[in-house]
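We did not get these values from a lab; they are worked out from the coordinates using the rules stated. For clarity, every value in this text was computed on a predicted model and none was experimentally measured. Every residue, glycine among them, receives a Cβ derived from its backbone with ideal geometry; neighbour counts consider all protein chains shown.
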Amino acid sequence: MQCIILHGSFGSKDGNWFPWLKKELEAMKHEVFLEQYPVDEWDDIKKESKSTIENLTSWTSFFK
């Protein structure tokens with residue numbers, strides 16, 4: 001089985017329990033995809049003139 005783990009906004013592939021989950025799934029012989037998707041810096045988001053890279057278009061493009 002193939003598994004895809006997606007982190008949330010402002011997140012990281014190395015955060016939370018994602019590395020642990022990947023290891024556990026791989027131990028069960030699953031193929032696991034855990035990538036770092038484009039995220040913004042919170043301080044940049046607060047600036048009104050900054051457009052976000054955290055959107056479906058950006059992540060879909062990266063995923064392909």
What is the gain in length, in nm to one decimal, between Ile4 and Lys23 on full extension, counting 0.36 nm per residue of separation less the C-alpha to C-alpha distance? 5.6 nm
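In the neighborhood of Leu6, defined by Cβ-to-Cβ distances under 13 Å, what is the net charge if each Lys or Arg adds +1 and each Asp or Glu adds -1?
With Lys, Arg at +1 and Asp, Glu at -1, the neighbours total 0.
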